[in-house]
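Undergrad: There's a structure below that I have some questions on.
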Amino acid sequence: MITPDRIEAENNTRARTHARDLDHARELVSRSGSDAELVIAEVARFSAAAPSWALGTGGTRFGRFPIGGEPRTTGEKVDDVAAINALTGANRSISLHVPWDDPADPDALRQYAAERAIAFDAMNSNTFQDNPTTTRDGAITYKFGSLCHSDPAVRDAAVEHNHHCIDLGMRLGSTAIIVWLADGTSFPGQANFRAQFERVLDGLRRIYARLPADWRLFTEHKPYEPQFYSSVVNDWGSSLLLAQGTGDRALCLVDLGHHLPNANIEQIVSRLAMAGRLGGFHFNDSKYGDDDLTTGSIKPYQLFLIFLELLDAGRSKESPEKTRMPPLAYMIDQSNNLKDPLEDLMQATDAMQVALAQALLVDQPALRAAQDANDPALAQEILHRAFRTDVRPLVAEARRRNNAALDPIATYRALAYRTEKIRQRGLNAVATGI
Ligand SMILES: [Mn+2]
């Protein structure tokens, strides 16, 4: 129902205003010495995978308030991602979470997604919940961890589950697996730090042994929650040690919400890229902890600085003035309790596109000269000039060139997608996920 002709009809109602805004943005950008065409082309190239677990309403331990019309099957999740991709042009893949998604016929699902121009991004393994398929009908439990567990039978089950995710992903056309572990302790003395870490490293090596040659394994860190005293993979240092100890194709994944307050995430991005171990992202935003709020909704300047580091990592060695986004796994990891989850994901995608466009506007030679001249005031002026430029017409133009919507949220509402899905799937349909 979100069809190219309906999007075009909506775009036509905005075409004149857009043309005027675009002309003005081009003029602003060219006056500051940047090339608007390069910005539009790079934004149009960017895509971030949508998380299968965030297409339904999220919940907290205090309750959940479903929005209605949530996808009931993995196929319906693909439908929702295809719908937002039609509007943004920048969500060309879906990232699955197993066993929340464990399709009985992966070949048919791959075909179904391909017909909707949706690919499968990294697979996410879940060994933080007991599940009949992974914990042998209650014979074992992940209550005290998975790969870190003191009982080898629990560790074996966790490794097997990850192998299953790889096997499933191969049939879907995925080329990466994300291992996020809830492993850790909630009380001092509960377990030995070193013994837990060594067991996790051993488990990752066993998972890695199953990895096809063109696959990558991502280790994702998080300081606390669900464990409240220690996490085994608590920070980027532990994540890097694990990646380096596992193999060449083991890389670190940065989830923006998985840091202690005020961590300098852009510097972490730079360090991991420098070490050659930056693999991917889970984008979201937060105020206090792992809040899973909409990307760019709380700290847009931080998001801009992160994209600036990504462009630095993507800088061509031959011609340093050419900067592009490096080929990493860019994914959204959000859980929203209040908004329509599809609107939440489209806002996140827009925020990333805006941050990318702003980062592309930074006058790199001038910034380097200011750095060499030890002129922090000038360096700040250069960053702020880019950050404060209204790049939204350039981003809208990038979307238009991808046959997507000039204004995704307004178009989504005009086409009444949610109303239609409530009619089809029901008011009480509940998606699997967080
Ligand atoms: Mn994550």
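Undergrad: How large is the charge dipole for the range 209-339, taken about the Cα centre, if only the Cβ atoms of Lys, Arg (+1) and Asp, Glu (-1) carry charge, to the nearest 20 debye?
TA: 280
Undergrad: Right, next: Between the range 1-61 and the range 219-297, what is the C-alpha centre distance in whole Å?
TA: About 28 Å separates the Cα centre of the range 1-61 from the one of the range 219-297.
Undergrad: Under the classification rounded if a/c is under 1.5, otherwise prolate if a/b is larger than b/c and oblate if not, where does the range 188-296 fall, given a ≥ b ≥ c as square roots of the Cα gyration tensor eigenvalues?
TA: Judged from the Cα gyration tensor, the range 188-296 comes out oblate (a/c at least 1.5, b/c at or above a/b).
Undergrad: Tell me the angle of helix 236-246 to the major Cα principal axis of the chain, expressed in degrees between 0 and 90 and rounded to the nearest ten.
TA: Helix 236-246 sits roughly 60 degrees off the main axis of the chain.
Undergrad: Excluding residues on the same chain fewer than 8 positions from residue 143, give the lysines whose Cα lies under 28 Å from its Cα.
TA: Leaving aside lysines fewer than 8 places away in the same chain, those within reach of residue 143 are 222.
Undergrad: Another one. Restricting to bridges with both residues inside the chain, how much of the DSSP beta-bridge set is antiparallel, in percent to the nearest 5?
TA: Within the chain, antiparallel bridges account for around 20 percent of the total.
Undergrad: Could the peptides 166-174, 334-342, 99-107 be put in order, highest first, of the mean number of other beta-carbon atoms found within 10 Å of their residues?
TA: Highest mean packing first, the order is 334-342, 166-174, 99-107.
Undergrad: By how many degrees, between 0 and 90 and to the nearest 10, does the Cα long axis of helix 36-45 differ from the longest principal axis of the chain?
TA: Around 30 degrees separate the two axes.
Undergrad: Let me ask something else. Test of the criteria: in the range 243-301, which chymotrypsin sites (Phe, Trp or Tyr not before Pro) are in a DSSP loop and have at most 15 other Cβ atoms within 10 angstrom of their Cβ?
TA: 288
Undergrad: Another question about this same structure. Roughly what % antiparallel, to the nearest 5, for the DSSP beta bridges in the range 231-367?
TA: The antiparallel fraction comes to roughly 20 percent.
Undergrad: With n ≥ 4 as the cut-off for DSSP H runs, can you work out [θ] at 222 nm for the chain, using -39500 (n - 2.57) per run divided by the number of residues, rounded to the nearest 500?
TA: -15000 deg cm²/dmol
Undergrad: So in the range 152-305, what percent of DSSP beta bridges are antiparallel if you round to the nearest 5?
TA: Details: 3 of 16 bridges.
The answer is about 20 percent antiparallel.
Undergrad: Rounded if a/c is under 1.5, else prolate if a/b is larger than b/c, else oblate: which is the chain, with a ≥ b ≥ c the root eigenvalues of its Cα gyration tensor?
TA: It is oblate, given that a/c is not under 1.5 and a/b is not larger than b/c.
Undergrad: Right, another one. Multiply the residue separation of residue 241 and residue 30 by 0.36 nm, subtract the distance between their alpha-carbon atoms, and state the gained length in nm to one decimal. Provide the component values of the computation, followed by the final result.
TA: Details: separation 211, 0.36 × 211 = 75.96 nm, distance 4.45 nm.
Full extension from residue 241 to residue 30 adds 71.5 nm.
Undergrad: Then there's this: Around residue 366, what is the net charge, scoring Lys/Arg as +1 and Asp/Glu as -1 over all other residues with Cβ under 13 Å from its Cβ?
TA: Every neighbour counted, the sum reads -3.
Undergrad: Measure out, as a whole number of angstrom, how far apart the alpha-carbon centroids of the range 137-171 and the range 327-349 sit.
TA: Their Cα centres are 28 Å away from one another.
Undergrad: By average Cβ neighbour count within 10 Å, what is the ranking of 148-156, 30-38 from highest down?
TA: 148-156, 30-38
Undergrad: To continue, here is another question. Taking the Cα centroid of the range 402-434 and of the range 174-218, what is the distance between the two, rounded to the nearest whole Å?
TA: 36
Undergrad: Reachable lysines from residue 77, Cα under 25 Å, same-chain residues fewer than 8 places away excluded?
TA: 339, 421
Undergrad: Now a separate question. Please sort 344-353, 256-265 by packing, taking for each peptide the average over its residues of neighbouring beta carbons within 10 angstrom, highest first.
TA: 344-353, 256-265
Undergrad: Which listed residue (141, 175, 109) has the Cα farthest towards the positive end of the charge dipole for the range 75-175, taking +1 on Lys and Arg C-beta and -1 on Asp and Glu C-beta about the Cα centre?
TA: So the residue we want is 175.
Where a number appears in this text, it was derived from the coordinates with a stated rule and is not lab data. Keep in mind that this is a model prediction, so the values were computed, not measured. Heads up, the Cβs are rebuilt from the backbone with ideal geometry, glycines too, and the neighbour counts pull from every protein chain shown.
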